[in-house]
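> Here you go, one structure.
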Amino acid sequence: MIPNQDISTRLLAWFDQYGRHDLPWQHPRTPYRVWLSEIMLQQTQVSVVTAYFQRFVDALPNLPALANARQDKVLALWSGLGYYARARNLHAAAKLCVEHHNGDLPHELAALIALPGIGRSTAGAILSQAWNTPAPILDGNVKRVLCRVFGIEGWPGTPAIEKQLWTLAESLLPDARQADWTQAQMDFGATLCTRHNPACPQCPLQMLCVAWRDGRSNALPTPKPGKTLPQRDAHMLILDDGQGRVLLQRRPPAGIWAALWSLPEHANNETAQVWFQRHIDGDFGAARALPVLIHGFSHYRLRIQPQLITVNGLRCAVGDNADLRWIHRADLHTLGLPAPVRKLLEQTQ
DNA sequence: AAACCGGGGCA
DNA sequence: TGCCCAGGTTT
């Protein structure tokens, strides 16, 4: 196990030399200014926030001034920062503080979290920076740093990993300098342990970083899994009669591609073969597999395995073939075909 | 075009 | 509790 006190000691020393010590909310560092800066920084970079912060505190220098301001004014001061729910929550929280906390921010974690717009991480940032109270934070920077230093695999948004990260963040708290510790973590993540191309050669934690040891600095943290849509497989048969015609099949009246003409389709190769031998005069063994085609729907991915076979024709014995039709390739444009089917047929002519 | 991200909201 | 979303910007 990595000696955790080493990490905060090393990072605080790094912060003394390379950290940001002249941010506008650090001078003076009042609880109101810390709170305002943390809300502004939630989805916005420091370089953008500084000018807005200055304008905001010039107009509304303390919590009661914010509470008494008209919402129009607050939103106007926020204008350009985006995510305006933050401004509305900030304003509402200021009024609640006047009503319930004598016009101050509460000093307790639970009371802070109870205010709109303040969650556990923002509450920790306020506690540590406003009053030097030991309290962990877990913003995107800290998550990234912890995942790398401790080599944690898996997307940090999952509840199990997030819980693990909170425990780690708590274990790293130094005995003193709580405000600096919070700022050090944010600065470290923002300027050195960056998402892309972290400056590992300059890193004060290099010798104890699991990701560096394993060459996985660029692979961690594990990215959020893409919207893994459910995947379905379809085997489509491109049956060619050798005279320029292909066999189309009308789809059922309901469901995807309802009533469109498509290629004979089956869930797997076995059912495709059974259907073929019942309906088609030809040699299924002569089927040639074409490259798989992925077609994306809004709610699932269809993985199409096409198979091309030249055949003699339909079996006469099968009477019910109203839904099967030989079509000259030249006439395909007259029919409404599903886009991937049209693509397939264009590729194979 | 897609990833990003703390908090809110809802089952 | 756990899961997903809204909201603008960045890559």
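> Go ahead and estimate [θ] at 222 nm for chain A from helices alone: -39,500 (n - 2.57) per DSSP H run with n ≥ 4, summed, over the residue count, rounded to 500.
After summing the helix terms and dividing by residue count, I get -13000 deg cm²/dmol.
> Can you grab the distance from the C-alpha centre of region A:13-32 to the C-alpha centre of region A:40-113, Å, no decimals?
Centre-to-centre (Cα) distance: 20 Å.
> Ignoring ligands, DNA and RNA, what percent of the 1.4 Å accessible area of region A:231-348 is carbon and sulfur?
Solvent-exposed carbon and sulfur of region A:231-348 make up 48 percent of the total.
> Another question, then. Efficiency by 1/(1 + (r/R0)^6): what FRET value for A:CYS200 and A:ASN312, r their Cβ-Cβ distance, R0 = 45 Å, to the nearest 0.05?
0.10
> Could you work out the per residue convex hull volume over the alpha carbons of chain A, in cubic angstrom?
That works out to 217 Å³ per residue.
> Take every DSSP beta bridge with both residues inside chain A and express the antiparallel ones as a percent of the total, to the nearest 5.
The answer is about 65 percent antiparallel.
> Express the relative contact order of chain A as a whole percentage, based on alpha carbon pairs under 8 Å and six or more residues apart in sequence.
Once normalised by length, the contact order is 14 percent.
> Related question: Accessible area of region A:51-177 with a 1.4 Å probe: how many percent of it is carbon plus sulfur?
Carbon and sulfur atoms account for 53 percent of the accessible area of region A:51-177.
> By average Cβ neighbour count within 10 Å, what is the ranking of A:61-72, A:16-27 from highest down?
Peptide ranking by packing, descending: A:61-72, A:16-27.
> May I pose another question? Using 0.36 nm per residue of separation minus the Cα-Cα distance, give me the extension gain between A:ARG303 and A:TRP131 in nm, one decimal.
That pair, A:ARG303 and A:TRP131, stretches by 56.2 nm at full extension.
> Pairs of lysines 8 or more apart, or on different chains, with alpha carbons under 30 Å: count those in chain A, would you?
7
> In degrees, nearest 10, range 0 to 90: what is the angle between the Cα axis of helix A:31-41 and the longest Cα principal axis of chain A?
20
> Note the angle between two axes, namely the Cα long axis of helix A:339-348 and the longest principal axis of the Cα atoms of chain A, as a number of degrees from 0 to 90, rounded to the nearest 10.
Between helix and principal axis, roughly 50 degrees.
> Express the relative contact order of region A:60-200 as a whole percentage, based on alpha carbon pairs under 8 Å and six or more residues apart in sequence.
With pairs under 8 Å counted, the relative contact order is 18 percent.
> Full extension from A:ALA92 to A:LYS163: what is 0.36 nm times the residue separation minus their Cα-Cα distance, to one decimal in nm?
In short, 22.6 nm is gained.
> I'd like to check one number: the per residue accessible area of chain A, probe 1.4 Å, reported in Å² as a whole number.
Using a 1.4 Å probe on heavy atoms only, each residue of chain A averages 50 Å².
> Let me ask another. At a threshold of 8 angstrom on Cα-Cα distance, excluding pairs fewer than six apart, so keeping six or more, what relative contact order does region A:46-121 reach in percent?
Relative contact order of region A:46-121: 26 percent.
> Please find, in a Gaussian network model of chain A (springs between Cα atoms separated by less than 10 Å), the residue of A:GLU99, A:GLU270, A:GLU153 whose mean-square fluctuation is greatest.
Fluctuation is largest for A:GLU270.
The values are calculated or read from the model by the stated rules, or taken from the named source; none is laboratory data. Keep in mind that what you see is a predicted model, and the values were worked out from it rather than measured. Ideal geometry is used to build each Cβ from the backbone, glycine not excepted, and the neighbour counts take in all protein chains shown. When the accessible area is computed, the model is the full protein with side chains, heavy atoms only, and any ligands, DNA or RNA have been set aside. Shrake-Rupley method; radii C 1.70, N 1.55, O 1.52, S 1.80 Å.
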